[in-house]
Amino acid sequence: MKQLEYALFTGCTAKESTPEQLMSTYAVANKLGIKIVELVEASCCGASHLQDYDDFLSLVLNARNIAYAEKRGMTMITICNTCQINTAMTKHRLDHDAALKARVNEKLAEVGLEYKGTSEIKHFLYALIDDFGLDQIQSMVSVPLSQFNIAPFYGCHNIRPSELQHESNGGENPYNPRSLDDLIAALGGKSVDYEEKNKCCGFHAELQAPHTAAMLTGKALMGAMDQNADWMVTPCPLCHLKLDTQYAHASKAVGRDVKMPVLHMQQMVGLALGCSKEELGLKHHVSEVNFI
Amino acid sequence: MVSEITTTRVTFKVFRFNMETDYLPYYKTYEMDVTSEEVVLDILNRIKWEFDGSFSYRRSCRHGICGACAIKVNGKGVLACKERINDLIAMFGTELRFDPLSEKRAIKDMIIDKKDFWVKHEQVNPYLDSHIEEHPDMECAVTPAQAEALLDADYCIQCGLCHYSCPVIEINEEYIGPAAFAKAYRFNADVRDDGIDHRIDIINAPGAGVWDCVKCYECTQVCPKEVDPFEKITKLHNQVFEHGRALNNVATRHAVGFAHSIKKHGLLDEGELVRYSEGNLGVMKHVPVAIKMFTKGKIVLPWNMPKSENLDEIQKLVKSSSTAKF
């Protein structure tokens with residue numbers, strides 16, 4: 001197999017509140033022999049909030065990030081569901097609206113850049129599954145996760161809306177997503193089926209609607225616990241922040257202690273591939289990873 | 001292409017409840033052979049006609065336009081008259097569960113009390129607010145371009161699928177919800193309407209308004225008419241700023257804060273965003289979680305804040321491409 005190469009859009013949390021996510025991305029890529037070039041020029045994607053204030057600015061900034069992947073002639077991978085949707089949505093809108101694309105490019109020209117629409121954009125999860133291949137990953141597992149019941153938490157922005165997810169990303173069925181379940185199975189674990197696995201964690205309303213956000217987090221953790229999950233896994237660092245650091249608010253909202261270890265998708269893959277817990281940054285969790 | 005009609009044996013687990021006689025709802029199982037030509041509404045009819053005449057559900061046009069027959073199948077909101085059983089079998093297998101749109105609003109079987117939906121709908125002034133001459137000199141023409149500005153928001157059939165798929169509606173009774181927001185946009189975008197500022201103030205209210213949206217895209221996903229309520233919610237957010245009606249609160253500052261941070265660092269300064277959004281006093285309630293995060297190496301101190309390379313480009317673009325004011 002030809003070596004896979006990607007331009008990595010890290011997003012902001014990987015550089016700040018979820019350092020373990022960036023560490024484990026590199027650990028897994030190294031193990032699998034995937035080449036990663038970091039888009040060091042990239043800005044914040046606006047996290048689906050900047051667009052509420054200034055939609056055009058959000059488009060220009062995201063188009064600039066994509067332009068840097070295009071300049072390198074590479075597919076862009078994301079490691080955050082919200083980075084993924086904001087970037088892919090920008091691509092979708094510019095590719096379908098020539099006038100808008102021209103307006104955005106007029107701005108980008110001021111800094112000597114151009115958005116062409118030549119780079120694909122996908123979450124690292126789907127690069128692993130669709131490009132690298134589940135069979136290939138399975139054949140490299142050295143520490144099967146056979147003793148664990150693992151609850152997948154998909155995160156809205158990787159599965160909805162399906163039209164966009166089919167166009168760029170995993171093409172997941174939002175009502176019955178499979179990727180994480182299949183990945184868990186390939187790594188030798190047992191995936192846990194529960195109602196909230198394709199639901200919202202509440203992250204984006206945390207500041208302005210804390211009760212709503214805490215209820216959603218609590219329901220997700222409760223759903224996983226009630227189906228006997230040992231831990232949860234998610235491809236989204238924002239879901240992770242909510243599930244990992246906010247259990248006190250979540251427990252209060254649902255009236256039950258709902259603390260549970262939550263791993264990033266990359267950490268789960270890394271564990272099965274035999275990466276060390278230091279490489280995977282397992283000490284950076286607020287809900288301690290107590291099973292390794 | 002004519003495809004062959006196939007038959008599949010399917011087990012239907014159906015929510016049954018009569019609020020006048022039952023203390024709790026229960027599921028009843030019906031097994032039947034289903035052909036590839038049938039839609040969910042055919043199955044609802046067959047349950048009533050072949051198994052139990054007391055089974056109740058709403059239906060009227062069976063052409064996807066009256067919006068009466070919306071239910072949930074294995075958690076997926078569907079218009080019963082439009083959803084093919086074979087597509088559902090492909091998605092979920094041969095055991096399908098029928099539920100009303102909202103269990104807590106169930107009256108009888110699939111029939112729910114949609115009162116809250118209509119109250120929210122009414123709340124956004126869902127009509128043209130305009131002074132109409134009784135004897136005008138000429139017609140009030142709307143150009144095709146002006147009509148397109150509605151972005152298909154006028155296709156809504158008020159079936160309630162987005163409203164009862166919205167996770168916020170389940171938690172926050174005040175929340176106006178995606179259907180009514182799409183309706184508010186539909187009239188705000190109409191050139192003949194004069195009520196936009198009043199409608200913006202309604203959808204801008206903390207707790208009830210667009211700021212409580214969790215951005216999960218459930219509404220856009222479930223809509224059978226491709227109204228894309230999430231897009232309309234974003235447009236309403238934009239109108240709040242465009243019309244200078246933004247309140248200075250945690251929600252608006254949270255959106256604006258991204259622009260500040262990007263201008264300064266390229267990347268988001270997470271800590272500063274929370275401080276700016278909450279204010280110096282409000283931010284205190286986040287301290288307990290912040291301390292836990294700090295001990296785990298999850299907080300970057302201000303002097304270590306990472307910056308994007310070629311930050312000057314980003315700053316130039318923020319300056320030249322900004323279109324909003326706060």
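No value in this document is a laboratory result; all are computed from the given coordinates. In this text the structure is predicted, and so the values were computed from the model without any measurement. Using ideal geometry, Cβ is built from the backbone for each residue, glycine included, and neighbour counts are taken over all protein chains shown.
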Worksheet item: Tell me, what are the semi-axes, in whole angstrom and largest first, of the equivalent ellipsoid of the range B:70-166 as set by the roots of 5 times the Cα gyration tensor eigenvalues?
Response: 38, 19, 10
Worksheet entry | Residue among A:Gly117, A:Gly11, A:Gly189 with the largest mean-square fluctuation in a Gaussian network model of chain A, springs linking Cα atoms under 10 Å | A:Gly117
Worksheet item: Per-residue ellipticity at 222 nm for chain B, helices alone: DSSP H runs ≥ 4 residues times -39500 (n - 2.57), over residue total, nearest 500 deg cm²/dmol?
Response: -10500 deg cm²/dmol
Worksheet item: Taking the mean number of other Cβ atoms within 10 Å as a proxy for protection, how do you rank B:38-47, B:146-155, B:175-184 from highest to lowest?
Response: B:175-184, B:38-47, B:146-155
Worksheet item: Which distance in Å, rounded to a whole number, links the C-alpha centroids of the range A:128-158 and the range A:225-276?
Response: 16 Å
Item to complete: Please go through the residue pairs A:Lys122/B:Lys235; A:Lys15/A:Lys91; A:Lys91/B:Lys298; A:Lys71/B:Lys319; A:Lys199/B:Lys72 and name each one whose alpha carbons sit more than 21 Å apart in this structure.
Response: A:Lys122/B:Lys235; A:Lys15/A:Lys91; A:Lys91/B:Lys298; A:Lys71/B:Lys319
Discussion item. Rounded to two decimal places and with Rh computed the Kirkwood way over Cα pairs, what is Rg over Rh for the range A:177-243?
Written reply: 1.00
Fill in: Around A:His285: net Lys/Arg minus Asp/Glu count, Cβ-Cβ under 12 Å
+3
Worksheet item: Binned at 10 Å from 0, what are the whole-percent values of the Cα-Cα distance distribution for the protein assembly as shown, short to long?
Response: 3, 16, 26, 27, 19, 8, 2, 0, 0
Discussion item. Rounded to the nearest 5, what % of DSSP beta bridges with both residues in the protein assembly as shown are antiparallel?
Written reply: 45 percent
Worksheet, complete the sentence: Here the relative contact order (percent) of the range A:25-180, from C-alpha pairs under 8 Å and at least 6 apart, is 22 percent
Discussion item. Let me spell out the model: positive unit charges on the Cβ of Lys and Arg, negative unit charges on the Cβ of Asp and Glu, origin at the Cα centre of the range B:250-321. What dipole size does that give, in debye rounded to 20?
Written reply: 200 debye
Worksheet entry | Counting all C-alpha pairs of the range A:4-105, share separated by more than 21 Å (%) | 34 percent
Discussion item. How high is the relative contact order of chain B? Use alpha-carbon pairs under 8 Å, at least six apart in sequence, and give a whole percent.
Written reply: 13 percent
Practice prompt. At a Cα cut-off below 15 Å, give the aspartates and glutamates reachable from A:Lys197, other chains included and same-chain residues fewer than 8 away excluded.
Written response: A:Glu172, A:Asp181, A:Asp182, A:Asp226, A:Asp230, B:Glu218
Worksheet item: Which three lengths, in whole Å and largest first, does chain A cover when its Cα atoms are put on their principal axes?
Response: 54, 47, 32
Item to complete: Ignore the peptide's own chain and count Cβ atoms of other chains within 10 Å of each Cβ in A:208-220; give me the average, rounded.
Response: 5
Worksheet, complete the sentence: Note to self: Kirkwood Rh of the range B:160-288, Cα pairs, one decimal, Å, is 15.8 Å
Worksheet, complete the sentence: Cβ-Cβ cut-off under 12 Å around A:Ala69, Lys and Arg +1, Asp and Glu -1: the net charge is +1
Practice prompt. Could you work out the per residue convex hull volume over the alpha carbons of the range B:7-112, in cubic angstrom?
Written response: 92 Å³
Fill in: Estimated vicinal HN-Hα couplings, Hz - the range A:21-36 in sequence order (Karplus 6.51, -1.76, 1.60; Gly, Pro = x)
6, 6, 4, 6, 4, 5, 4, 5, 4, 4, 4, 8, x, 9, 8, 10
Discussion item. Please compute, for peptide B:260-271, the average count of beta-carbon atoms on other protein chains lying within 10 Å of each residue's beta-carbon.
Written reply: 5
Worksheet item: Among all the aspartates and glutamates, which ones have a C-alpha under 12 Å from B:Lys292's C-alpha, if same-chain residues fewer than 8 places away are not counted?
Response: A:Asp244, A:Glu288
Discussion item. Run through the range B:105-136 and list the GluC sites (Glu not before Pro) located in a DSSP loop whose Cβ has at most 16 other Cβ atoms within 10 Å.
Written reply: B:Glu133, B:Glu134
Discussion item. Give the lysines whose C-alpha is closer than 17 Å to that of B:Lys285, dropping any in the same chain fewer than 8 places away, or say none.
Written reply: A:Lys242, A:Lys252
Discussion item. Largest first, please: the extent of the C-alpha atoms of chain B along each principal axis, to the nearest Å.
Written reply: 71, 71, 49
Discussion item. Using Cβ contacts closer than 10 Å as the measure, can you line up B:Met284, A:Met89 from fewest to most?
Written reply: B:Met284, A:Met89
Worksheet entry | Dipole magnitude (debye, nearest 20) for the range B:1-145, charges at Cβ of Lys, Arg, Asp, Glu | 740 debye
Response to the item:
Counting only DSSP loop positions in the range A:1-96, the trypsin sites (Lys or Arg not before Pro) whose Cβ has at most 11 other Cβ atoms within 10 Å are A:Lys2
Discussion item. Could you identify which residue out of A:His123, A:His92, A:His157 has the top mean-square fluctuation in a GNM of chain A using Cα springs shorter than 10 Å?
Written reply: A:His92
Worksheet entry | Whole-angstrom gap from the range A:2-46 to the range B:116-192, using each part's C-alpha centre | 43 Å
Worksheet entry | Proximal charge balance of A:Asp55 [Cβ under 11 Å; K/R count +1, D/E count -1] | -2
Worksheet item: By how many degrees, between 0 and 90 and to the nearest 10, does the Cα long axis of helix B:250-265 differ from the longest principal axis of chain B?
Response: 50 degrees
Worksheet item: Among A:Pro261, A:Pro177, A:Pro210, whose mean-square fluctuation peaks in a Gaussian network model of chain A (Cα, cutoff 10 Å)?
Response: A:Pro210
Practice prompt. Once every Cα of the range B:254-311 carries one equal point scatterer and solvent is ignored, give the base-10 log of I(q)/I(0) from the Debye formula at q = 0.23 Å⁻¹, two decimals.
Written response: -0.97
Discussion item. Can you find, among B:Leu101, B:Asn74, B:Phe55, the residue sitting farthest towards the positive end of the charge dipole of the range B:7-112, where Lys and Arg contribute +1 and Asp and Glu -1 at Cβ?
Written reply: B:Leu101
Discussion item. Can you tell me the orientation of helix A:98-109 relative to chain A, as the angle in degrees between its alpha-carbon axis and the longest Cα principal axis, to the nearest 10?
Written reply: 90 degrees
Discussion item. Once you keep just the Cα pairs under 8 angstrom separated by 6 or more residues, what percentage relative contact order results for chain A?
Written reply: 20 percent
